[in-house]
Amino acid sequence: MTFLSKTLSRVKPSPTIAVTTLAGELKAAGKDVIGLGAGEPDFNTPENIKAAGIAAIEAGKTKYTAPDGIPELKAAICAKFERENGLRYTPQQVSVGTGGKQILYNALMATLNPGDEVVIPAPYWVSYPDMVLLAGGTPVIAAATLENSFKLTPEQLEAAITPKTKWLIFNSPSNPTGAGYSRKELKALTDVLMRHPHVWVMTDDMYEHLAYDGFEFCTPAQVEPALYERTLTCNGVSKAYAMTGWRIGYAAGPVELIAAMRKIQSQSTSNPCSISQWAAVEALNGPQDFLSKNNVVFKRRRDLVVSMLSEIDGITCPVPEGAFYVYPSIAGLIGKTTPDGTVIEDDETFSRALLEDTGVAVVFGAAFGLSPNFRVSYATSDEALKTACERIQDFCAKLT
Ligand SMILES: Cc1ncc(COP(=O)(O)O)c(C=O)c1O
C-alpha cells in the first residue's frame, strides 16, 4: 500500500508473536496445544508488588509523571545499579520507559543516522534488527556458533566493526539461547571495544537475575570501567519480577544520551504508567528472596528440557547459563521426512510440522538469525514441559 511509509517496508512483524497467534488459532479450533513460544514467566507478580500498585491507585497516583520516570523510581534504580552491579549513576543519568523495548528503541532513535551500523550478535532477540531498521540504521549481524556455546568471540566482534559502527548490542543471559558470558569472556569483548573508541555498547541485561549453577552475572561497564562513558546499561522488571504486563524498563548512561531519549519519549508516549512505576519501586526496593526461589524452579525445568531433548537422535541441546530458553540444533534432522511426506528442509518447516502434528509450539531459529535451531521457552509448568518434550521425542522418532 503506497500510503504506508517506506521505513515500514524494511521491517517484519515479530515472528514470536506470529507463532503465539498460530498456536492460539489451533487451540481455538480445538487442538491440544502446548505453547513453548512465549517469552514471559508463568509466575504471578509477587503480592507486595501488586499491593504497591493498588496502593498507588488508592493514593491517587494516577496522573502524568515526569516523562522518563518519578524521582522515587529513579532513586531505586540508582540504588539497584550500585548494590548489584557496582555502578554509580545519578538520577539525571536514568531513563524509565514503557518496557525494556521502549528504552532500547528510544536509544536507537536518539542516536542513529542513515548509514550508521549496529553490530548485533546472532542468535539475537528478534526485535534488535528491526528496531535498528526502524531508526534508520543498518544492522550488522555477527553470527556466533553452537560450538562456541552461541557466544561471540573477540575475533568475530573485531571483524564486524567498521568506521560506521555506532553501537554493539550486547545481551547476556541471552534471548533466545540462554547463553551467559563469564567475566573473562565479556572482558575479551570489552578489550576489543577499547581499541575502537567510536563504538558504544548498549547492554540489554533483562535476564540478569535468571541465572543458574552459580553463574556470575556481569555487565560491560562493570567489567571495563573505562567503557562507562559510552555504555547504556538497560534493564527492566518484566522478566525477573514477573511483570511483563506492567511495562517498565529502564536504562542508565551518559546524561546527554538520557536527555535525548527523554525528548523522544516526551513527544511520543510521555511517561510510563504511573501505577506501574510505583509497583516497580517496590520491586526494586522490596524483598528479593523470591528471585532465588523462582530460579530453583527454572533450573529444574531447564534440566528437564535439556535432558529430554538431548535423548533425541539428531538434536544437540547445549546447557545454557540463564534466561528461560534453550536453543537446540536440529542439524541432524535436516532432510528427513515426516510420516505425511513433509521434508524437513529447515527449522521453519520443522517448527510448523511439529505444531501441526503434535500441537507443540516452538519458535524457529531463522527468526533469531541462526539456523537450524528452534527456541523453547521453559517458562511453563513441569507437566506441560514433560508432555511437550515427549511429543517432540515421538515426532522426531517418526522422521525417516
Ligand atoms: C532480550 C530482551 N530484551 C528486552 C525485552 C523486552 O522486555 P519488555 O517486556 O520489558 O519490553 C525482551 C522481551 O522479550 C527480551 O527478551
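In sequence order, segment 68-80 has phi-based couplings of 10, x, 6, x, 4, 6, 4, 5, 5, 5, 4, 5, 4 Hz under the Karplus curve 6.51 cos²θ - 1.76 cosθ + 1.60, θ = phi - 60°, and Gly or Pro positions carry x.
A Gaussian network model of the chain, with springs between Cα atoms under 10 Å, assigns the largest mean-square fluctuation among Pro318, Pro123, Pro176 to Pro318. Looking at Ser381, Ile17, Ile312, which one has the Cα that reaches farthest to the positive end of the dipole of the chain (charges on Cβ: Lys, Arg +1; Asp, Glu -1)? Farthest towards the positive end: Ile17.
Place the peptides 352-358, 288-294, 1-7 in order of packing, highest mean first, counting for every residue the other Cβ atoms within 10 Å and averaging per peptide.
Sorting 352-358, 288-294, 1-7 by mean packing, highest first, produces 352-358, 288-294, 1-7.
Volume of the convex hull of segment 63-285 (Cα atoms only), normalised per residue: 111 Å³. Computed over the chain, the Cα gyration tensor eigenvalues convert (square root of 5λ each) into semi-axes of 34, 25, 21 Å, ordered from largest to smallest. Karplus-based coupling profile of segment 376-385, in residue order and whole Hz: 10, 9, 9, 7, 8, 5, 4, 5, 4, 5, with θ = phi - 60° in 6.51 cos²θ - 1.76 cosθ + 1.60 and x standing for Gly or Pro. Counting only other residues whose beta carbon sits under 13 Å from that of Ile17, what net charge do I get with K and R as +1, D and E as -1? After counting each charged neighbour, the total is -1.
The percentage of C-alpha pairs in segment 1-58 whose separation is greater than 18 Å is 64%. Put in order of Cβ neighbour count within 10 Å, fewest first, the listed residues Asp346, Asp213 become Asp213, Asp346. Angle of helix 274-285 to the longest C-alpha principal axis of the chain, folded into 0 to 90 degrees and rounded to 10: 80°. When the chain is treated as a Gaussian network with alpha carbon springs shorter than 10 Å, the biggest mean-square fluctuation among Gly335, Gly53, Gly249 belongs to Gly335. Modelled label positions at His196 and Thr269, each set 7 Å beyond Cα in the direction of Cβ, lie 2.9 nm from each other. Remark: segment 160-176, residue by residue, has Karplus-estimated 3J(HN,Hα) of 7, 7, 10, x, 8, 5, 9, 10, 10, 9, 10, 9, 8, x, 9, 9, x Hz, where x stands for each Gly or Pro and the curve is 6.51 cos²θ - 1.76 cosθ + 1.60 at θ = phi - 60°.
Count charges around Arg230 for me, please; just the other residues with Cβ under 15 Å from its Cβ, Lys/Arg as +1, Asp/Glu as -1.
That sum, taken over residues with Cβ under 15 Å, equals -3.
For the chain, modelled as a GNM whose springs connect Cα atoms under 10 angstrom apart, the maximal fluctuation among Leu168, Leu134, Leu22 occurs at Leu22. Only Lys, Arg, Asp and Glu carry charge here, each on its Cβ (+1 for the first two, -1 for the last two); on that basis the chain has a dipole of about 1040 debye about its Cα centre.
All of the numbers you see were taken from the coordinates with simple rules; none came from a lab. Please read all numbers here as calculations on a predicted model, not as lab measurements. Neighbour counts run over all protein chains shown; Cβ positions are idealised from the backbone, glycine included.
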